[in-house]
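Below is one structure, written out as structure tokens, with a few remarks after it.
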Amino acid sequence: MMPLDESVVTDGRGSAARDGWERAAMTATAGVQDLFSVRGRNASEARERGGGPGMISFTAGFPDPVHLPYEGVAEATGRLMSTHGQGPLQYGAVRGYTGLLDLLIEKLGRDQGIRCAQENMLLTSGGSQALALLIDLFLDPGDTILSEEPTWSGAVRAFANVGVNVEGIPLDDDGARVDVLEAKLRDLHARGIAPKAFYMIPNFQNPGGMTTTLERRRRIVALAREYNFVIFEDDAYFDLRFEGGQLPTLYELAGGSHVAYFGTFSKIVAAGMRIGWLVADKALIDRLSVLKVDGGSPFAAHIAHEYCKDGVLEARVQELIALYRHRRDLMLGELNERMPEGITWRVPEGGFFIWLDLPAGLDATRILAACRERGVEFLPGTACFFHGEGRRNIRLSFSYADDEQTVRGMRALCEVIGEQLTA
């Protein structure tokens, strides 16, 4: 027998063996990657989470962790299990738990002015699954859609993953620029291109913070009918209005035609429940129900219903409005006092975000790198555009960091921007 060469194998796991295994693994991985779908190949990495150890995070639109309803949910879970037995632990209907659907029908009618029945509703795993189902129903690779731009970074990734062509519609203080939208529709149709959908966040837009005016909402609904496209109305922040009057949803203005409306409990109850809803014409809900392969989490839906009933949800929303209004004002106060001249922002009437516009010469990605060295992070504007724009924009979330962190983090941000302005 040949002597063992310890330079090749040590304790049965030498470097040569390891190198061979690594090469084999890389070859196998490359082979599997050749089998990816178009969506798998297009998939982009999520960049929004943030919040590493010791980091003050203004990055993600996460609810305030201290005010998550731990005790109320725990009590609701105990009541549920003592009164409902094993039912909530079993598989559920694809459309969702009827008790929660009924609660949402009442809530939507009272708060949003939406009149609907169970046949018009589908429970989803958060608002993101609602958008994913609409993408599955309407969009194929190569299709053209319209979207506000900038917009929610999750939608940017979702549309990129499916391989659709996105035509961005800019925003101003009154929401989506309907003059640009109408001109874009005329131009596309003249070239034989019929956009299938328009994605928008009408209330406290993410990331911009503006709210689409009633006049513009009506015009967008009229354009949807004229050019035959579906409005994906993402209303995740509807309930978190700090000032100003509520405006009718596009779903209500359209009478339920050409609009798919969706919302979520993530911002007003608990993101970890993963409970959202989608409201649309019965024919659309019927088709979406076929694409939705299971009933989500009946257990979470039962708990959400048990927790939210008897006026608890309405009282909680009022508490959150007071909390997030305070956080917004705290952040705005630091901006007004410390931010150097040349940086601008608008005051959102609700929601979670403040959007900064930077002057020429500043780059949000360079500012982010310097801020991270001081323990602060935010979302650079590039995450919110479809084609790499946004280097002169910063999105700040005021929902997650506590008061002390907000003040300390904003002072660090303002210092970094001041230093880079004078560099």
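State whether one or more residues within the range 304-312 are closer than 30 Å to T422 by Cα and at pLDDT 95 or above. No, the range 304-312 contains no residue that is closer than 30 Å to T422 by Cα and at pLDDT 95 or above.
Among the residues in the range 219-230, are any assigned to a loop (DSSP other than H, G, I, E, B), at pLDDT below 95 and either in the same structural domain as R115 (by TED's automatic domain parsing) or more than 21 Å from the chain's Cα centre (by Cα) (or both)? No, there is no match, as no residue in the range 219-230 is assigned to a loop (DSSP other than H, G, I, E, B), at pLDDT below 95 and either in the same structural domain as R115 (by TED's automatic domain parsing) or more than 21 Å from the chain's Cα centre (by Cα) (or both).
Using the structure shown, decide if A130 is assigned by TED's automatic domain parsing to the domain that holds A301, small (G, A, S) and crowded, with 21+ Cβ neighbours inside 10 Å. I'd like the intermediate steps shown before the answer.
On the way: assigned by TED's automatic domain parsing to the domain that holds A301: yes; small (G, A, S): yes; crowded, with 21+ Cβ neighbours inside 10 Å: yes.
Against the criterion (assigned by TED's automatic domain parsing to the domain that holds A301, small (G, A, S) and crowded, with 21+ Cβ neighbours inside 10 Å), A130 qualifies.
Annotation for the range 134-142: no member residue is under 17 Å from the mean Cα position of the chain (by Cα) and surrounded by fewer than 18 Cβ atoms within 10 Å (Cβ to Cβ).
Checking each residue of the range 400-419 against the condition of being in contact with a Phe, Trp or Tyr (Cβ under 8 Å, 6 or more places away or on another chain), outside the structural domain of T151 (by TED's automatic domain parsing) and hydroxyl-bearing (S, T, Y) gives at least one match.
How many residues, within the range 253-291, are part of a loop (DSSP other than H, G, I, E, B), in contact with a Ser or Thr (Cβ under 8 Å, 6 or more places away or on another chain) and surrounded by 24 or more Cβ atoms within 10 Å (Cβ to Cβ)? So that I can check it myself, show each step before the final result.
Going residue by residue through the range 253-291, those that are part of a loop (DSSP other than H, G, I, E, B) are 254-258, 265, 274-275, 280-281.
Of the ones still in play, those that are also in contact with a Ser or Thr (Cβ under 8 Å, 6 or more places away or on another chain) are 274-275, 281.
After this cut, where a residue has to be surrounded by 24 or more Cβ atoms within 10 Å (Cβ to Cβ) as well, the list is 275.
Residues meeting the conditions: 1.
The criterion of at least 1 residues that are among the small types (G, A, S) and touching a strand residue (DSSP E or B) at 6+ places or on another chain (Cβ under 8 Å) is met, among strands (runs of 3 or more DSSP E) falling completely within the range 351-410, by 393-397. Among the residues of the range 231-254, the ones that are over 22 Å from the mean Cα position of the chain (by Cα) and free of Cβ contacts under 8 Å to residues at least 40 places away in the same chain come to 3 in all.
The values are calculated or read from the model by the stated rules, or taken from the named source; none is laboratory data. Not measured: the values here are computed from a predicted model. Heads up, the Cβs are rebuilt from the backbone with ideal geometry, glycines too, and the neighbour counts pull from every protein chain shown.
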